[in-house]
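The values are calculated or read from the model by the stated rules, or taken from the named source; none is laboratory data. Because the structure is predicted, anything quoted here is derived from the model rather than measured. A quick note on method: Cβ atoms are made from the backbone with ideal geometry, for glycine too, and the neighbour counts reach across all protein chains shown. Only protein heavy atoms, including side chains, enter the accessible area calculation; ligands, DNA and RNA are left aside. Shrake-Rupley method; radii C 1.70, N 1.55, O 1.52, S 1.80 Å.
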Amino acid sequence: MLLGILLALTSAFCWGTASVLIKVGLRGKTPISANLIRLYMSSLAYLIIFYLGGNYSEISRMPIEYHILAFTSAQFGFVIGDYFYFSALKLLGVSRTVPITSTYPLWTILWAFLFLGREVTIRIISGATLIVLAIILVSKVETEEHVSLKGMVYAFITPISWSIAITIMDWLSKDVSSLTLAGLRIIYAAIGVSLVSWRIIGEVKSATLKEVAIISSAGFLGLVLGQYAFVKSVSILGSQIATPITAVNPIISTSLAILFLKEPPNWKIFLSLVMVVLGIWLISG
């Protein structure tokens, strides 16, 4: 149990730091091109890791339906979900996007209850209520500060897409090793995003070395270290416990955004972060 919790916290730290790096990397690139660079570089890292670790034999033995499910999970998580996430980051900023997108544990618990037969308790309902109230509070901040409505919609779509990806991954984790599953999802995501991004290949080619380095660093933190730690924690704890723990990443990313990106702080944002984290604690208890 302790190892699973530490792995979930590790993934949260990696994701929170990656959020800030992605925001910096997006200054000169569209969300799709940034995602393409991030996924390609992370896929290359996993291909090397698979070769060194001998994971290709496990991949060749996997049933075709497992590959299809891993591909589907990757599209919901890293293509659809991350496209809306990157777009929201660009329109709203890190400190306003992350509190909304961090509600993905709420949706994950719902899908786990409906499709995986997981138990829903009073603590879970109480935690869910706190999270919903936090969303309403953040929504009021966006209205008062005249922030993009499109960005708000994108931010709300993101956690639903992510939660579908996590639920599928949870089901697969019982039969596929954590490293193989984490890497396959990233590689399949790179394939998926390539199919819808061919028109912006020119933009990717024009990326500077600095832009590639920043986005690749975010990819390594979020998709290699963070993603492996998350998949491993789900295999140990289950998505209904591991996923809520990762929601501490808003505290990390928001603090870094205010400190280094000079995004203006707002007491309602901080209060919503506290409510989200408290709700997550209740859900995971």
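The sole residue among 161, 139, 126, 148 that is over 27 Å from residue 230 (Cβ atoms) and at pLDDT 75 or above is 148. Taking residue 120 as the residue in question, decide whether it is β-branched (Val, Ile, Thr), open to solvent by less than 10 Å² (accessible area, probe 1.4 Å) and modelled with pLDDT under 80. Spelling it out, it is not the case that residue 120 is β-branched (Val, Ile, Thr), open to solvent by less than 10 Å² (accessible area, probe 1.4 Å) and modelled with pLDDT under 80. When the residues of region 189-206 are narrowed to those that are open to solvent by less than 40 Å² (accessible area, probe 1.4 Å) and of a type in the set (Ser, Thr, Tyr), which ends up farthest from residue 69 (Cα to Cα)? Going through the qualifying residues, I end up with 197.
Within the set 160, 168, 191, 187, the sole residue that is within 30 Å of residue 268 (Cα to Cα) and assigned to a helix (DSSP H, G or I) turns out to be 160. In region 207-214, the condition of being open to solvent by less than 40 Å² (accessible area, probe 1.4 Å) and under 30 Å from residue 270 (Cβ atoms) is met by at least one residue. Any residue in region 257-285 that is modelled with pLDDT of 75 or more sitting within a Cβ distance under 6 Å of a residue that is of a type in the set (D, E, K, R) and open to solvent by 30 Å² or more (accessible area, probe 1.4 Å)? List the pairs, counting only those 6 or more apart or interchain. Close Cβ pairs (under 6 Å, with a partner that is of a type in the set (D, E, K, R) and open to solvent by 30 Å² or more (accessible area, probe 1.4 Å)) amount to 282/123. Taking region 1-94 as the region of interest, the helices (runs of 4 or more DSSP H) fully inside it that hold 1 or more residues being among the charged types (D, E, K, R) and modelled with pLDDT under 95 are 2-25, 31-53, 81-92. The residues of region 95-136 that are out of contact with any helix residue (DSSP H, G or I) (no Cβ under 8 Å at 6 or more places or on another chain) and outside any helix (DSSP H, G or I), listed by number, are 117, 121. Of note, residue 71 does not satisfy the criterion of being open to solvent by 30 Å² or more (accessible area, probe 1.4 Å), in contact with a Ser or Thr (Cβ under 9 Å, 6 or more places away or on another chain) and under 27 Å from residue 198 (Cα atoms). Test residue 110 against the criterion of being under 25 Å from residue 127 (Cα atoms), in contact (Cβ under 8 Å) with a residue 24 or more places away in the chain and surrounded by fewer than 22 Cβ atoms within 10 Å (Cβ to Cβ), and give yes or no. Taking the combined requirement at face value, the residue satisfies it.
Sub-8 Å Cβ pairs linking a first residue in region 42-66 that is under 23 Å from residue 170 (Cβ atoms) and touching a residue at least 24 places away in the same chain (Cβ under 8 Å) to a second residue that is hydroxyl-bearing (Ser, Thr, Tyr) and outside any helix (DSSP H, G or I), at least 6 apart or interchain, are 55/177; 58/177, ordered by first then second residue.
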